[in-house]
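Everything on this sheet refers to the single structure shown next.
The values are calculated or read from the model by the stated rules, or taken from the named source; none is laboratory data. Just so it is clear, the model here is predicted, and its values are computed rather than measured. Cβ sites come from the backbone with ideal geometry, for glycine too, and all protein chains shown count toward neighbours.
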């Protein structure tokens with residue numbers, strides 16, 4: 001077994017071990033209902049962190065609008081599930097919801113990627129932010145209903161749908177989608193996480209992945225060696241968007257009322273996921289999963305501290321960034337501890353990848 | 001006539017965005033970092049004016065001066081404690097995330113002190129304004145003051161950067177830090193000065209923003225901050241006249257689309273404008289194109 005294969009299996013092993021431990025805790029009743037409710041969000045945040053790491057760490061393009069793709073996946077799949085709830089049985093419907101959510105997110109990832117990937121650096125970042133906000137805003141003004149005559153669509157108000165009496169409003173503007181079936185659970189979340197890990201880790205270790213990383217490190221040199229820069233960029237961005245869409249499907253099938261609110265899909269949410277990626281190690285897939293789980297749980301665990309919890313979280317964030325990244329602190333740490341640090345032990349990397 | 005009123009309102013909102021964007025663009029130009037906490041400096045400024053005015057029974061002039069001084073100190077301190085240690089870090093993302101941490105920190109401190117409920121902010125400008133054409137066209141005092149203040153700030157900043165030694169040092173440091181240091185410029189001090197100016201501008205913008213839209217909460221600064229950043233990018237980040245143009249365009253587009261198209265979609269239209277401009281001109285309206293050398 002090669003070194004990378006070994007590393008990949010360690011990642012799957014960590015996820016599966018965590019799953020077994022949490023399942024055992026759940027079966028023996030050692031998990032409070034509050035914590036149980038956090039398990040599915042933990043998995044979809046880990047999934048989208050993996051997706052964003054593909055974009056930020058492997059492709060090297062900063063995206064601060066990834067929650068927009070999650071939003072697309074969530075709304076398209078929830079719309080499908082709500083519309084076909086009475087017609088299709090649960091298992092095939094949920095599978096189809098996944099396919100639809102992923103396909104829609106991938107399609108928009110592709111379409112948005114065409115203009116976005118022409119830009120560079122911070123300009124690219126701000127345009128991804130812009131697209132994320134546009135997606136959220138546009139979905140917020142959608143009204144779609146279904147009745148005996150078929151689908152009705154407007155962007156004005158629920159009254160403008162002109163529905164029959166038996167009509168059912170599925171997307172109700174800023175009120176979103178209510179009553180999506182709760183099909184997602186912790187096991188499905190873990191399966192989705194494992195599949196996305198499998199896709200991303202295998203991509204990274206493939207010929208395509210090496211081409212993508214070559215573009216990240218020096219796109220001029222990559223182009224000169226005959227790598228199709230635009231093509232590979234589009235590929236990585238689209239796959240990243242598709243995985244974010246899968247996270248959205250989990251999201252929408254775990255919540256009763258789905259709204260395109262800033263709290264879940266705004267730039268703040270996208271930045272929160274970027275925090276997971278950066279603290280887990282840019283380009284380090286396993287680190288993203290671990291960081292997403294720890295950092296998602298941390299503020300929730302601090303709930304006892306009430307109003308102080310986000311204050312503590314922000315201070316911890318600043319200190320961790322300085323300890324991990326400041327050139328002076330790194331030099332001091334090397335002198336005193338000989339290059340060892342907690343993150344590198346956890347994630348199994350000797351050197352941080354920039 | 002109503003169109004003209006909306007246009008002037010747009011100019012006023014645009015002027016506020018422009019003042020915030022000036023701070024953004026200066027900090028970006030020299031420190032090459034997106035200071036995500038910049039919007040929260042606005043909020044801090046507003047709360048200081050709010051508290052000082054309340055303590056002095058409505059004396060807002062003292063409030064504004066105190067806010068400008070404290071915001072300047074806050075900007076310099078933040079730069080020193082949180083951003084300076086990360087200069088030269090292996091990834092530019094490190095300082096970005098730290099800025100986000102600072103943003104969370106300021107929001108949560110405000111949340112602890114003032115609570116989450118929205119405070120009603122008393123306008124710092126007690127001028128009714130003027131009306132033309134027999135009352136058909138009314139321009140509020142705050143609108144006129146906002147536009148005037150932003151013009152004055154723009155002129156003063158341009159003079160400062162082009163005519164003074166410190167201003168030239170800023171330009172030099174934003175071009176090439178190492179070369180500037182060799183020419184005897186204290187780069188750290190210059191960056192600190194930039195943060196000081198940017199934060200002082202944020203306090204001024206806060207006073208104007210909350211006078212025009214008098215509701216104050218810990219999240220007041222977040223969205224204007226992001227929009228001002230969009231304005232800075234739209235105008236060409238690093239360029240001071242660009243920030244002004246970007247801010248005005250954004251303000252006018254936002255008010256007009258809110259009025260004539262849809263209030264729900266106005267943000268989408270604002271961000272859409274950014275996307276379109278960047279597609280045509282990838283470095284913004286007045287941005288310089290930097291050739292990449294192999």
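Determine whether segment A:212-225 contains at least one residue that is loosely packed, with under 15 Cβ neighbours inside 10 Å, within 14 Å of chain B (Cβ to nearest Cβ) and not in a helix (DSSP H, G or I). There is at least one residue in segment A:212-225 that is loosely packed, with under 15 Cβ neighbours inside 10 Å, within 14 Å of chain B (Cβ to nearest Cβ) and not in a helix (DSSP H, G or I). From the list A:250, A:274, the one residue that fits, being surrounded by 23 or more Cβ atoms within 10 Å (Cβ to Cβ) and either touching a strand residue (DSSP E or B) at 6+ places or on another chain (Cβ under 9 Å) or under 23 Å from residue B:225 (Cβ atoms) (or both), is A:274. All conditions in (1) within 14 Å of chain B (Cβ to nearest Cβ); (2) without any contact (Cβ under 8 Å) to a residue 60 or more places away in the chain; (3) farther than 25 Å from residue A:74 by Cα hold for residue A:284, with the sole exception of (2).
The set of residues in segment A:226-270 being more than 10 Å from chain B (Cβ to nearest Cβ) and either on the phi > 0 side of the Ramachandran plot or not in a helix (DSSP H, G or I) (or both) consists of A:226, A:227, A:228, A:253, A:254, A:255, A:256, A:257, A:258, A:259, A:260, A:261. Condition test on residue B:250, is it within 25 Å of residue B:154 (Cβ to Cβ), surrounded by fewer than 19 Cβ atoms within 10 Å (Cβ to Cβ), touching a residue at least 12 places away in the same chain (Cβ under 8 Å) and more than 9 Å from chain A (Cβ to nearest Cβ)? When the stated conditions are applied, residue B:250 does not pass them.
Given B:62, B:95, which one is within 24 Å of residue A:324 (Cα to Cα), in a helix (DSSP H, G or I) and touching a helix residue (DSSP H, G or I) at 6+ places or on another chain (Cβ under 9 Å)? Steps first, please.
Values: B:62 fails: within 24 Å of residue A:324 (Cα to Cα).
Exactly one residue qualifies, and that residue is B:95.
Out of segment A:127-177, which residues are assigned to a helix (DSSP H, G or I), within 30 Å of the chain's Cα centre (by Cα) and either surrounded by fewer than 20 Cβ atoms within 10 Å (Cβ to Cβ) or on the phi > 0 side of the Ramachandran plot (or both)? Outline the logic, then answer.
Taking segment A:127-177 and keeping what is assigned to a helix (DSSP H, G or I), we get A:127-140, A:158-161, A:173-175.
Keeping just the survivors that are within 30 Å of the chain's Cα centre (by Cα) gives A:127-140, A:173-175.
Selection gives A:138, A:173, A:174, A:175.
Scanning segment B:73-113 for residues that are within 13 Å of chain A (Cβ to nearest Cβ), surrounded by fewer than 16 Cβ atoms within 10 Å (Cβ to Cβ) and modelled with pLDDT of 90 or more gives B:77, B:80, B:81, B:112, B:113.
Taken over segment B:119-150, residues that are modelled with pLDDT of 90 or more and either surrounded by fewer than 12 Cβ atoms within 10 Å (Cβ to Cβ) or in contact with a strand residue (DSSP E or B) (Cβ under 6 Å, 6 or more places away or on another chain) (or both) amount to 1. One residue alone among A:119, A:129 is modelled with pLDDT under 90, within 10 Å of another protein chain (Cβ to nearest Cβ) and over 20 Å from residue A:179 (Cα atoms), and that residue is A:119.
The test for being free of Cβ contacts under 8 Å to residues at least 24 places away in the same chain and part of a loop (DSSP other than H, G, I, E, B) holds for residue B:126.
Out of segment A:271-281, which residues are within 11 Å of chain B (Cβ to nearest Cβ) and outside any loop (DSSP other than H, G, I, E, B)? Answer for segment A:271-281, where residues must be within 11 Å of chain B (Cβ to nearest Cβ) and outside any loop (DSSP other than H, G, I, E, B): A:271, A:272, A:274, A:275, A:276, A:277, A:278, A:279.
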